[in-house]
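Chemist: Supplied in structure tokens, the structure appears directly below.
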Amino acid sequence: MAQDPLVVFTPSGKRGRVAPGTTVLAAARQLGVDLDSVCGGRGICSKCQVAPAYGEFSKHGVTVAGDALSPWNTVEERYDSKRGLKEGRRLGCQAQIVKDVVIDVPPESQVHKQVVRKAATARDIVMDPATKLYYVEVEEPDMHEPSGDLERLARALHDQWGLADVTADLHILREVQPVLRKGGWKVTVAVHRGTHDHRPRIMEIWPGFHEGGIYGLAIDLGSTTVAAHLCDLADGRVLASAGVMNPQIRFGEDLMSRVSYAMMNPGGDREMTTAVRDAINRLTVEIAEEAGIAPALIMEATFVCNPVMHHLLLGIDPVELGQAPFALATADSLTLNAREMDLTAMNDAARVFVLPCIAGHVGADAAAVALSEEPHKSEDLVLIVDVGTNAEILLGNRERVLACSSPTGPAFEGAQISAGQRAAPGAIERVEIDPATKTPRFKVIGSDLWSDDPAFPEATAATGITGICGSGIIEAVAEMRMAGLLDPSGLIGSAAQTGTDRCVADGRTHAYVLHDGRAEGGPLISVTQGDIRAIQLAKSALYAGARLLMDELGVDAVDRVVLAGAFGAHISPKHAMVLGMIPDAPLDKVSSAGNAAGTGARIALCNVTARAEIEQIVRRIHKVETAVEPRFQEHFVAANAIPHATAPFPHLSAAVPLPRVGFNTGAGDDGAEGGRRRRRRRA
């Protein structure tokens, strides 16, 4: 008997089988997917727009045929003719699921919009941008002086500002004569001189004294999120920060899934390149509007990204990064024209600087973290972990710095979690569990109150309690371990074993109920055994990568730990240590650096000397390849325990004594200890 079609929704990762002919909107509601609609499915509001993806998706085990959805109907035709649908979009209330399909829910179609938490971190930066403004007074043409207007402008820049051998592109030649005359031979020019430029380049020209300023974008292009900071190139101030979900998520949640999509689908790399460039253009317009400036005043952008994102941004097929020896097309920094990258929302002459990569799996984002946190200048041994879908790890001091990447996957972002969601208003982000009563309390994004505060229901009435995001699930699992609800192997106990009826049967295992909103029409939010396993896999990969670098240096401990990235900034050191995400260290020596990669991008944007510095730094960083190192697997297996099966955690034990619990659930035991017992019985 044929199975019903499988539908996979991104970016949530929620999936399930639905009857043929079910609309996408109905399937979303059935599976608890965040898809907006206010017109009752009549094709009027357009809030339920979705983007179906076609081709082979090895990550999801799905091949999507061109006829996976029903053809356009008259409602969609009418809506498109009157208001227009973006290319590749369908109305979720009209499109019916016929075969297996992958459906992306774009940010504007989500009821609970993601809160992009890669905010700019306060930082003193020495200002020396590559692009600067110069006000000059130019000699008027003379019958006895046959030189052209551009040559006299260049001479004025040399005489008044010391800029020699200035060049200009064709669009400046078209503008220079009318602008000079309009300004009465007094003009302001924007001139760019980057690390790769042999000659200063005139980028823009205004009549008279230009008071509108010039601006730049520092962009952290991550696997999950694209975050941008709009900076004033005169003083480095961050005027606005904004971000969007990386639209490539619909092609695969993690990097190797996207490489696989490019391998399996001819032209797949171009699809992903177009998707992310379009997102950057939209983000550029939005952030300029938020800051109240014209996008044309954005003269420059710097990019930091992991190697796969680096290649897809540049329009390079990432297939070589998916197989040993993981060769990059180039590891050097690049200075390019924004136009040749189809980044059309900023100034026509805008320049793009892409920071250098360290190696095939350690990218420009890690280089930016090194620029921001400066491990190469540290007197003590520092471990820097940029936590994300693909973790970047640096370890070292002024003598030597090592780097590696670790495939943590999307669990830390709330994906692959039963009630997981992206960070959005209504998502649980903080959790505490009373060790005596086993009762939880929590905070949600959008409110500063804990759930046991009498004013909490009113404060969260607008957003509701919708799910749990990455920082919430981390704290929930760590709190369960501290409260004795979870044993060292990661097994959740039954109600009888834990002493709380919040531990409920869930098939052959158990789940812990954080919040039950079903009586009010809300969701049941619980931590399942599957959620624990997803977090164990992610944290084990993170720990194993760090431990591998420690082995390389021949050390068993680090002096301090820095958690970087949007996710790292929102988890407490205590919970990270309880889980065993990071090696043991004094809790007061574990700190957050915020969005260190974004900070590195801002430093490179605002200081051209820093660009040359980071090129020197990356050449001195030694790359350790986790994919081919057998000790990585050994560390990974041992790190599956919480906090760890073999490594001592003396500082953690002194600060947070963990209960010694062990649950024997017999035949249904899905824990590590149960697995060992079954193996012994089979033997």
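The values are calculated or read from the model by the stated rules, or taken from the named source; none is laboratory data. Only a predicted model underlies this, so the values are computations on that prediction, with no experimental measurement involved. Cβ placement follows ideal geometry from the backbone for every residue including glycine, while neighbour counts extend to all protein chains displayed. With ligands, DNA and RNA removed, areas are computed over all heavy atoms of the protein, side chains included. Shrake-Rupley method; radii C 1.70, N 1.55, O 1.52, S 1.80 Å.
Chemist: What is the Cα convex hull volume of region 389-519 when expressed per residue in Å³? Please report the intermediate quantities before stating the final value.
Modeler: Working: hull volume 20.7 nm³, N = 131.
Dividing the Cα hull volume of region 389-519 by its residues yields 158 Å³.
Chemist: Report, to two decimal places, the Cα Rg of region 586-628 normalised by 2.2 N^0.38 Å (N = number of residues).
Modeler: Values: Rg = 14.4 Å, N = 43, 2.2 N^0.38 = 9.2 Å.
Relative to the 2.2 N^0.38 Å estimate, region 586-628 comes out at 1.56.
Chemist: Pairs of Cα atoms under 8 Å, at least six residues apart: use those to get the relative contact order of region 139-267, whole percent.
Modeler: Over region 139-267, the number comes to 14 percent.
Chemist: How big is D, in µm² s⁻¹, for region 608-664 by Stokes-Einstein at 37 °C and 0.692 mPa s if Rh is the Kirkwood radius over C-alpha pairs? Working shown, then result.
Modeler: On the way: Rh = 15.4 Å.
Result for D is 213 µm²/s.
Chemist: Using r as the Cβ-Cβ distance of Glu87 and Gln3, and R0 as 30 Å, what FRET efficiency do you calculate, to the nearest 0.05?
Modeler: Details: r = 31 Å, r/R0 = 1.04.
After rounding to 0.05, the efficiency reads 0.45.
Chemist: Return one number: the angle in degrees, 0 to 90 and rounded to the nearest 10, between the long axis of the Cα atoms of helix 149-161 and the longest principal axis of the Cα atoms of the chain.
Modeler: 70
Chemist: Here is a further query. Grab every C-alpha pair in region 125-252, bin the distances at 5 angstrom width from 0 up to the longest one, and report whole percents.
Modeler: 2, 9, 16, 18, 15, 11, 9, 7, 5, 3, 2, 1, 0, 0
Chemist: How many nm separate the modelled label positions at Val285 and Asn73, each set 7 Å beyond the Cα in the direction of the Cβ?
Modeler: Placing both labels 7 Å beyond Cα along the Cβ direction yields 3.0 nm.
Chemist: On to the next question. So how much slack lies between Arg199 and Lys589, counting 0.36 nm per residue of separation and subtracting their Cα-Cα distance, in nm?
Modeler: Details: separation 390, 0.36 × 390 = 140.40 nm, distance 4.64 nm.
Working it through step by step, the gained length comes to 135.8 nm.
Chemist: Could I ask something else about it? List the cysteines of the chain that have no other Cys Cβ closer than 4.7 Å: which are they?
Modeler: Cys48, Cys93, Cys231, Cys305, Cys357, Cys404, Cys469, Cys503, Cys606
Chemist: Over all alpha-carbon pairs of the chain, lay out the pair-distance distribution in 10 Å bins, whole %, shortest bin first.
Modeler: Histogram of Cα-Cα distances, whole percents per bin: 3, 14, 23, 24, 19, 10, 4, 2, 1, 0, 0.
Chemist: Give me the percent of Cα-Cα pairs in region 268-331 that sit more than 16 Å apart, rounded to a whole number. Don't skip to the answer; put the middle values down first.
Modeler: On the way: 1105 of 2016 pairs.
The share of Cα pairs beyond 16 Å in region 268-331 comes to 55 percent.
Chemist: If I compute solvent accessible area with a 1.4 Å probe over the protein chains, what percent of it on the chain is carbon and sulfur? Walk me through the numbers before you get to the answer.
Modeler: Numbers: 13600 of 27130 Å².
Carbon and sulfur together cover 50 percent of it.
Chemist: A further question follows. As I understand it, the dipole of region 195-308 uses +1 on the Cβ of Lys and Arg and -1 on the Cβ of Asp and Glu, about the Cα centre. Which of Phe251, Asn281, Pro266 lies farthest toward its positive end?
Modeler: Pro266
Chemist: Another one. Which order, highest average first, do 640-648, 8-16, 64-72, 438-446 follow once you tally other Cβ atoms within 10 Å for each residue and take the mean per peptide?
Modeler: Working: 640-648: 18.2, 8-16: 22.2, 64-72: 15.4, 438-446: 20.7.
The most tightly packed comes first, giving 8-16, 438-446, 640-648, 64-72.
Chemist: Order of 343-352, 418-427, 127-136 by packing, highest average Cβ count within 10 Å first? Working shown, then result.
Modeler: Numbers: 343-352: 21.5, 418-427: 24.2, 127-136: 19.2.
Those peptides, ordered most packed to least, come out 418-427, 343-352, 127-136.
Chemist: Could you provide, to the nearest whole Å², the per residue accessible area of the chain with probe 1.4 Å?
Modeler: Numbers: 27130 Å² over 683 residues.
For the chain, the per-residue accessible area is 40 Å².
Chemist: Here is a follow-up. Could you give me the radius of gyration and the Dmax of region 513-622, taking only the C-alpha atoms into account and expressing both in angstrom?
Modeler: According to the Cα coordinates of region 513-622, Rg and Dmax are 19.0, 60 Å.
Chemist: How many times 2.2 N^0.38 Å is the alpha carbon radius of gyration of region 223-309? Could you put the intermediate results ahead of the total?
Modeler: Working: Rg = 14.9 Å, N = 87, 2.2 N^0.38 = 12.0 Å.
Region 223-309 yields a ratio of 1.24.
Chemist: Taking each pair of different alpha-carbon atoms in region 48-196 once, compute 1/r for the pair, average those values, and report the inverse of that mean as the Kirkwood hydrodynamic radius in Å to one decimal. Write down the numbers at each step before the final one.
Modeler: Working: mean 1/r = 0.0462 Å⁻¹.
About 21.6 Å for region 48-196.
Chemist: A further question on this structure: Could you please tell me the mean projected area of the C-alpha convex hull for region 272-416, averaged over all directions and given in square nanometres to one decimal? Provide the component values of the computation, followed by the final result.
Modeler: Numbers: hull surface 41.2 nm².
Mean shadow area of the hull around the Cα atoms is 10.3 nm².
Chemist: Related question: As a test question: what accessible area, to the nearest 10 Å², does Arg619 have when a 1.4 Å probe is rolled over all protein chains in place?
Modeler: Accessible area, nearest 10 Å²: 150 Å².
Chemist: Express in nm, to one decimal, how much length is gained between Asp159 and Asp235 on full extension, taking 0.36 nm for each residue of separation and deducting their alpha carbon distance.
Modeler: Full extension of this stretch gives 24.8 nm more.
Chemist: Between Asp380 and Arg181, how many nm apart are label points set 7 Å from Cα along the C-beta direction?
Modeler: Spacing of the two 7 Å Cα→Cβ label points: 6.8 nm.
Chemist: How much FRET efficiency would the formula 1/(1 + (r/R0)^6) give for Val513 and Glu340, where r is the Cβ-Cβ distance and R0 is 41 Å, rounded to 0.05?
Modeler: Using R0 = 41 Å, I get an efficiency of 0.15.
Chemist: Want the number for Arg560 to Asp332: 0.36 nm per residue separation, take away the alpha-carbon distance, what's left? Walk me through the intermediate numbers first.
Modeler: Numbers: separation 228, 0.36 × 228 = 82.08 nm, distance 3.02 nm.
Difference between extended and current length: 79.1 nm.
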